[in-house]
Amino acid sequence: MRTLRLAQVAAEAEGLRLRRRVRRLVIRAVLFCIAGFFLAVGIGFVHLAIWQWLIPLFGALHTALILAGGDAVIALVFAAFAARSTPDRIEVEARLVREQAIQSMRRSFDFWAMLMPVAQLVATISRRRRGRD
């Protein structure tokens, strides 16, 4: 009975851990989408303003290169924020509970595995004694 309860605890902990991980991944994807949308819209308007400001100073070619470099920097900053995602406290604790339950379940099986040969030996001795009596 204890082994079944440990298996149930391990399954519940794994379920919680997976739900938290999926939640984190969904939040991460939404953040990527929001970052991409604002990046596209914002850079569109900023490009227009900077283009108008830089054309008289640098010409069309150099202005285009300056804007492309700025776009790359902004994209890298947003990608770094979106990529920075670690498991939260609940997900870590759920994984630890699952691992502890699985270890306890294994120890329980190990105990019964060691006890089985002893039980078989006792049964054999008991049968032999009954055969003599």
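Each reported figure results from applying straightforward, stated rules to the coordinates on display, with no laboratory input. Given the structure is predicted, the values throughout are model-derived calculations rather than measurements. Note that we place each Cβ from the backbone using ideal geometry, even for glycine, and neighbour counts take in every protein chain shown.
Given the -39500 (n - 2.57) contribution per DSSP H run of 4+ residues, what per-residue ellipticity at 222 nm results for the chain, rounded to the nearest 500 deg cm²/dmol? Before the final figure, lay out each step's value.
On the way: 3 runs with 125 residues, N = 133.
After summing the helix terms and dividing by the residues of the chain, the value is -35000 deg cm²/dmol.
When the stretch 30-133 is described by a simple charge dipole with +1 on each Lys and Arg Cβ and -1 on each Asp and Glu Cβ, the residue from LEU96, PHE81, ALA64 located farthest towards its positive end is LEU96.
Taking the Cβ of each residue in THR124, THR3, THR86, THR63 as the centre, tally the other Cβ atoms inside 10 Å and list the residues starting with the fewest.
With the fewest neighbours first, THR124, THR3, THR86, THR63 line up as THR86, THR124, THR3, THR63.
Measuring r between the beta carbons of TRP53 and SER85 and using R0 = 41 Å, the FRET efficiency lands at 0.65. Relative contact order for the chain: 52 percent, from Cα pairs under 8 Å spaced at least 6 residues apart, divided by residue count.
Taking amide H as placed 1.01 Å from N in the peptide plane, the amide H of ASP88 sits under 5 Å from none that are at least 5 places away or on another chain.
Within the stretch 2-132, the proportion of C-alpha pairs whose separation exceeds 25 Å stands at 62%.
Subtracting the Cα-Cα distance of ARG23 and ALA60 from their residue separation scaled by 0.36 nm leaves 8.8 nm.
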